[in-house]
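See below for the structure under consideration.
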Amino acid sequence: MPPLTSTSPLTAETRHAVSIVLNGAPRTGHAHPRLLLSDFLRHELGAHGTRVGCEHGVCGACTVRIDGVAARACLTLAVQAEGRRIDTIEGLTRANGGCMTALQEAFRRHHALQCGFCTAGILMSLTDYLGRNPKPTEEELRDMLSGHLCRCTGYAGIVRAVMDVTGRTRTEAAHV
């Protein structure tokens with residue numbers, strides 16, 4: 001199928017080629033115009049780390065980075081990702097030479113995950129957030145995490161992990 005061009009109409013009954021850079025590698029798949037990016041990544045490209053929770057953009061489990069910015073894959077159409085760089089949880093270790101990132105290590109150390117369903121989305125959001133705010137206070141961090149639903153951890157381990165990786169203790173963060 002030829003690449004989608006600006007003159008090609010998106011028709012509901014036709015699957016269209018969607019080319020992206022997924023975790024640093026060029027990838028092409030095909031999608032109907034209404035296919036969600038989360039489903040495209042999982043079912044068309046095999047990036048199963050992107051979880052689908054609420055499908056309404058509320059839980060944050062499907063968070064990926066689009067051109068470096070955290071975004072909900074369940075609120076983005078696959079065709080909107082054409083030509084964009086998409087980073088998923090699978091790409092974090094790949095970008096770190098095959099090793100877990102400091103944030104992933106801190107999650108392990110501080111038991112910041114239990115069932116793991118929400119973890120990929122939280123890590124993707126935190127990777128973006130800490131890139132913009134490398135020394136958040138605990139209050140700022142908790143505010144950012146309020147966009148993610150985790151039913152297992154109570155967030156305490158997540159907060160400890162982030163404070164650890166940013167070089168702050170919870171006590172220090174509370175007095176800033």
message: Conditions first: (1) loosely packed, with under 15 Cβ neighbours inside 10 Å; (2) in contact with a Gly (Cβ under 7 Å, 6 or more places away or on another chain). T28 passes all but one, so which condition is the exception?
response: (2)
- request: Starting from the stretch 130-147, keep only residues that are over 12 Å from I158 (Cβ atoms) and without any contact (Cβ under 8 Å) to a residue 60 or more places away in the chain, then list their pairs with residues that are in a loop (DSSP other than H, G, I, E, B) and open to solvent by less than 30 Å² (accessible area, probe 1.4 Å) whose Cβ atoms are within a distance under 8 Å, requiring at least 6 positions of separation or different chains.
  value: L130/P136; L130/T166; P134/T166; K135/T166; P136/T166
Any chance I158 is outside any helix (DSSP H, G or I), touching a helix residue (DSSP H, G or I) at 6+ places or on another chain (Cβ under 8 Å) and open to solvent by less than 30 Å² (accessible area, probe 1.4 Å): no
- line: Per the filter on the stretch 106-118, residues open to solvent by less than 80 Å² (accessible area, probe 1.4 Å) and in contact (Cβ under 8 Å) with a residue 24 or more places away in the chain are A106, F107, H110, A112, L113, C118
- prompt: Can you name the residue in the stretch 104-141 that is of a type in the set (A, V, I, L, M, F, W, C) and within 30 Å of T28 (Cβ to Cβ) and, of all such residues, is nearest to the chain's Cα centre (by Cα)?
  reply: M124
Residues located in the stretch 54-100, provided they are open to solvent by less than 60 Å² (accessible area, probe 1.4 Å), among the small types (G, A, S), in contact (Cβ under 8 Å) with a residue 12 or more places away in the chain and not in a loop (DSSP other than H, G, I, E, B): A70, A73, A78, A81, G91
task: Quickly run through the stretch 137-151 and pick out the residues that are closer than 21 Å to R72 by Cβ, of a type outside the set (A, V, I, L, M) and open to solvent by less than 50 Å² (accessible area, probe 1.4 Å).
output: G147, H148, C150
message: Give me the residue from the stretch 101-145 that is β-branched (V, I, T) and part of a helix (DSSP H, G or I) and, out of that set, nearest to L22 (Cα to Cα).
response: T127
- prompt: When only residues in the stretch 4-25 that are within 24 Å of A120 (Cα to Cα) and assigned to a loop (DSSP other than H, G, I, E, B) count, which is least open to solvent (accessible area, probe 1.4 Å)?
  reply: N23
- prompt: Among V64, V58, which is closer than 23 Å to Y155 by Cα and either touching a Ser or Thr at 6+ places or on another chain (Cβ under 9 Å) or of a type outside the set (A, V, I, L, M, F, W, C) (or both)?
  reply: V64
- request: Of the conditions (1) closer than 30 Å to H30 by Cα; (2) not in a loop (DSSP other than H, G, I, E, B), H148 clears all except one; give me its number.
  value: (2)
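The values are calculated or read from the model by the stated rules, or taken from the named source; none is laboratory data. Please read these numbers as outputs of a predicted model, since none were measured by experiment. Reconstructed Cβ throughout: ideal geometry from the backbone, glycine too, with neighbour counts over all protein chains shown. Heads up: the accessible areas ignore ligands, DNA and RNA and are worked out on the full protein's heavy atoms, side chains in. Shrake-Rupley method; radii C 1.70, N 1.55, O 1.52, S 1.80 Å.
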